[in-house]
Amino acid sequence: MGYMTINNRRVTFDQEKNVLSVIRKSGIDLPTFCYHSELSTYGACRMCVVEDDRGKVFASCSEKPRDGMVIYTNTPRLQHHRKMILELLLASHNRDCTTCRKNGICTLQKLSVQLGVNYVRFENNKPQIPLDESSDCIVRDPNKCILCGDCVRTCEEHQGLGILEFAYRGSNMQVMPAFNRKIGETNCVGCGQCRVVCPTGAITIMHNISPVWKLIYDSNVRVVVQIAPAVRIAIGDKFGLPKGENALGKLVAALRRMGFDEIYDTNFGADLTVMEESKELMERLESGENLPLFTSCCPAWVKYCEDQFPDLAKHISSCRSPQQMFGALLKEEARENREDQRKTIVVSIMPCTAKKAEIKRPEHWTDGEQDVDYVLTTQEVSRMIKEAGIDLAQLEPEALDMPFGISSGAGAIFGVTGGVTEAVLRRLVNSNKVADLEAISFTGIRGVEGVKEATVTLGEREVKIAVVNGLKSAGEVMKKIQSGELYYDFVEVMACRRGCITGGGQPVPIGPRTKKARVEGLYRIDNLAQIKLSNENPIIQSLYDGMLKGKEHKLLHNNIQR
Ligand code: HC0
Ligand code: SF4
């Protein structure tokens with residue numbers, strides 16, 4: 001422990017890795033573009049500059065705290081410096097803020113207001129570069145890029161992919177995929193993590209708002225919507241609700257007012273996935289074939305495995321993801337229900353940008369028909385709610401529609417790393433006693449580490465499990481599986497750190513406090529759930545005895561031979 005003096009106030013420090021963290025701990029929100037606590041320090045934007053008692057100006061993100069340091073964070077010199085940086089950034093930036101997708105959530109815009117930059121003395125003479133709309137998941141607008149490198153480091157350091165790089169020099173410098181390819185031509189997995197950290201409109205979500213509005217107002221169409229686990233504890237961020245609060249009831253009320261015909265829960269789809277995936281795990285354990293079994297519900301992970309480790313792709317579960325299982329079920333139900341002459345359209349509300357690509361993969365379609373028609377991210381739905389003039393925070397919560405509005409706590413925790421594994425283990429242990437549920441949760445599968453390991457006894461057998469989040473960690477585990485250095489029976493992978501709660505389509509910023517609150521929010525939903533095990537969901541049971549009978553493979557599994 002040491003102490004330093006910040007703006008004439010004594011502040012202690014302990015484990016903080018840099019002066020910036022100590023300043024923020026003291027309650028001063030120093031602005032940055034390029035600093036993220038979970039990324040390497042780049043020190044390029046210089047917005048976090050401070051001045052010491054000798055008049056030295058330095059970037060606080062790149063300096064270790066030292067005992068006895070005396071610093072100032074807002075001297076006239078620093079104010080001038082920051083304004084100048086902003087002005088120069090704005091000078092080479094496309095400033096069509098009013099029509100920008102990041103309007104209202106752009107850090108450059110926010111800081112320009114906060115620091116009072118009211119004019120820009122320099123013209124932007126840069127030629128306009130066309131948008132890159134080649135991906136189903138994200139859009140790149142190089143004209144909005146401020147070269148902070150956050151996306152470059154995220155894709156490299158968290159996802160181990162390095163799709164985006166700096167190219168050219170000096171004033172021609174740009175961030176782009178290697179060889180100036182379009183992002184859709186690379187091995188980008190669409191996780192959207194680059195969008196989460198992008199402070200401007202340079203990387204945004206590929207929107208599907210307009211077609212969904214049109215369908216809602218088409219009287220020949222029945223629009224059915226499903227809501228993913230991680231959406232409910234994040235959407236409140238956009239409407240001033242406490243971080244991590246479960247806003248499902250309010251979201252249902254909003255969607256009903258907007259005109260969606262039926263509103264269901266992807267947690268129900270997750271219960272279906274638990275049934276099928278636990279069965280598949282037991283079959284593979286018995287046959288000994290294609291172990292470990294890899295989870296298949298994260299589409300960014302599935303694409304990553306196919307692209308980077310094709311020899312291991314046969315380990316991926318044949319189960320469709322919860323959104324796809326549910327989509328297939330809803331379309332099948334519509335085919336069977338001939339009374340309603342309207343065409344059924346299934347829309348998913350997801351925390352994830354990669355889900356937009358998943359719905360287009362034909363192996364998840366049924367009889368050549370796309371099961372989920374559109375994916376809207378949490379961010380897009382928030383925008384639609386605002387467009388409709390609805391204040392989500394003020395709405396009285398409403399219930400989901402039946403029959404697919406009932407789900408278990410096991411389905412809810414799918415949205416956090418370790419949740420799929422915990423849900424599958426609950427099913428296989430098949431006990432809802434508190435002691436047994438707790439024993440599963442304490443096996444080591446909960447927590448934020450990139451790789452967690454657990455060994456669980458199922459019947460006569462010890463089952464070795466790995467729970468992985470972040471694709472860079474996944475790559476490290478895959479290499480060790482490939483070489484035989486590590487052996488597992490079951491591997492859960494989620495591409496985004498901590499799972500879907502930090503998905504590429506979630507409201508930003510997602511700082512440490514928000515991440516923690518979202519994780520706790522999902523576990524709280526599980527704690528409050530009356531049904532803890534997917535197999536105890538009565539609707540699931542009746543489906544297996546009814547509509548699903550004989551159609552399990554057709555509707556719940558994909559049809560590719562890996
Ligand atoms: Fe997830 Fe899912 S848990 S991937 O993170 O499995 O997107 O929330 O909807 O499909 O259920 C995302 C979240 C889902 C799916 C579920 C799984
Ligand atoms: Fe990299 Fe994911 Fe961004 Fe693609 S979407 S560039 S994989 S961070």
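Nothing in this text is a laboratory measurement; each read-out follows from the coordinates by a stated rule. Since the model is a prediction, treat every value here as computed from it, not as a measurement. Please note: Cβ atoms are built from the backbone with ideal geometry, for glycine as well, and neighbour counts cover all protein chains shown.
In debye, nearest 20, what is the charge dipole magnitude of the range 210-556 about its Cα centre with +1 on Lys and Arg Cβ and -1 on Asp and Glu Cβ, if you could check?
On the way: 45 positive and 49 negative charges, 222 e Å.
Dipole magnitude for the range 210-556 comes out near 1060 debye.
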Across the range 473-489, in residue order, what do the Karplus-derived ³J(HN,Hα) couplings come to in whole Hz, using 6.51 cos²θ - 1.76 cosθ + 1.60 with θ = phi - 60° and x for Gly and Pro?
-> 4, 4, x, 5, 5, 4, 4, 6, 5, 4, 7, x, 5, 10, 10, 9, 9
Classify the range 172-288 as rounded, prolate or oblate, taking a ≥ b ≥ c as the square roots of the eigenvalues of its Cα gyration tensor: rounded when a/c is under 1.5, otherwise prolate if a/b is larger than b/c and oblate if not.
-> oblate
Find the relative contact order for the chain and round it to a whole percent, using C-alpha pairs within less than 8 Å whose residues are 6+ positions apart.
-> 15
Taking the dipole about the Cα centre of the chain, with the C-beta of Lys and Arg at +1 and of Asp and Glu at -1, give me whichever of F179, P310, G475 is farthest to the positive side.
-> F179
Summing Lys, Arg as +1 and Asp, Glu as -1, what charge do residues with Cβ under 14 Å from the Cβ of S382 carry, S382 excluded?
-> +3
Whats the longest run of the chain with zero chymotrypsin sites (Phe, Trp or Tyr not before Pro) that are DSSP loop and have at most 12 other Cβ atoms within 10 Å?
-> 218-441
Of the GluC sites (Glu not before Pro) in the range 121-220, which ones lie in a loop per DSSP and count no more than 13 other C-beta atoms within 10 Å?
-> E123
Sites matching trypsin sites (Lys or Arg not before Pro) across the range 143-243 that sit in DSSP coil, with at most 16 neighbouring C-beta atoms within 10 Å = R169, R181, K182
Would you kindly derive the ³J(HN,Hα) couplings of the range 438-454 from the backbone phi angles with the Karplus curve 6.51 cos²θ - 1.76 cosθ + 1.60 (θ = phi - 60°), listing them in order in whole Hz, with x for Gly and Pro?
-> 5, 4, 5, 5, 9, 6, x, 8, 8, x, 9, 4, x, 10, 10, 10, 8
Under Karplus coefficients 6.51, -1.76 and 1.60, residue-wise ³J(HN,Hα) of the range 9-26 in Hz, glycine/proline x = 10, 7, 10, 8, 9, 9, 9, 4, 7, 8, 4, 4, 5, 5, 4, 5, 4, 7
Spin-label zone in the range 10-32 - amide nitrogen under 12 Å from a point set 7 Å from the Cα of M1 along the C-beta vector | 12-15
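Grab the beta carbon distance between N337 and E306, set R0 = 30 Å, and tell me the FRET efficiency rounded to 0.05.
Values: r = 36 Å, r/R0 = 1.19.
Working from the Cβ atoms, E equals 0.25.
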Furthest towards positive pole of dipole, C106, G484, N267, structure part the chain, Cβ charges | C106
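I'd like the antiparallel share, as a percent to the nearest 5, of DSSP beta bridges with both residues in the chain. Walk me through the numbers before you get to the answer.
Working: 28 of 53 bridges.
Percentage antiparallel, nearest 5: 55.
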Amide H to amide H, which residues 5 or more places from V139 or on other chains are under 5 Å from it, using H placed in the peptide plane?
-> T204, I205, M206
The range 314-450 - percent relative contact order, Cα under 8 Å, separation 6 or more | 16
If you take the square roots of the eigenvalues of the alpha-carbon gyration tensor of the chain and sort them as a ≥ b ≥ c, do you get rounded (a/c under 1.5), prolate (a/b over b/c) or oblate?
-> prolate
Residues whose modelled amide H sits under 5 Å from the amide H of H557, counting only those 5 or more places away in sequence or on another chain, are R320
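Is the range 404-530 rounded, prolate or oblate when judged by the Cα gyration tensor, a ≥ b ≥ c being the square roots of its eigenvalues, rounded requiring a/c under 1.5 and prolate requiring a/b larger than b/c? Kindly include the intermediate steps, with their values, before the conclusion.
On the way: a/c = 2.16, a/b = 1.06, b/c = 2.04.
It is oblate, given that a/c is not under 1.5 and a/b is not larger than b/c.
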Loop-located trypsin sites (Lys or Arg not before Pro) in the range 309-415, at most 15 other Cβ atoms within 10 Å (DSSP) = R338, R342, K360
Extension gain from N430 to R54, taking 0.36 nm per residue of separation minus the Cα-Cα distance | 128.7 nm
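For I209 and H81, FRET efficiency with R0 = 35 Å and r from the beta-carbon atoms, rounded to 0.05?
Values: r = 40 Å, r/R0 = 1.14.
Once the sixth-power term is evaluated, E becomes 0.30.
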Taking the Cα-to-Cβ direction at Y168 and at T98 and moving 7 Å from each Cα, how far apart do the two end points lie in nm?
-> 2.9
Computed, not fitted: 222 nm per-residue ellipticity of the chain from DSSP H runs ≥ 4 (each -39500 (n - 2.57)), nearest 500, equal to -9500 deg cm²/dmol
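List the pairs from K102/K386; K303/K479; K433/K532; K343/K554; K250/K360; K279/K551 whose alpha-carbon separation is above 18 Å, in the order I gave them.
Details: K102/K386 15 Å; K303/K479 16 Å; K433/K532 10 Å; K343/K554 21 Å; K250/K360 30 Å; K279/K551 15 Å.
Checking Cα-Cα distances, K343/K554; K250/K360 exceed 18 Å.
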Full extension from R461 to D14: what is 0.36 nm times the residue separation minus their Cα-Cα distance, to one decimal in nm?
-> 156.4 nm
Once amide H atoms are placed 1.01 Å from N in the peptide plane, what residues at a sequence separation of 5 or more from Y3, or on another chain, have their amide H within under 5 Å of its amide H?
-> F13, G68
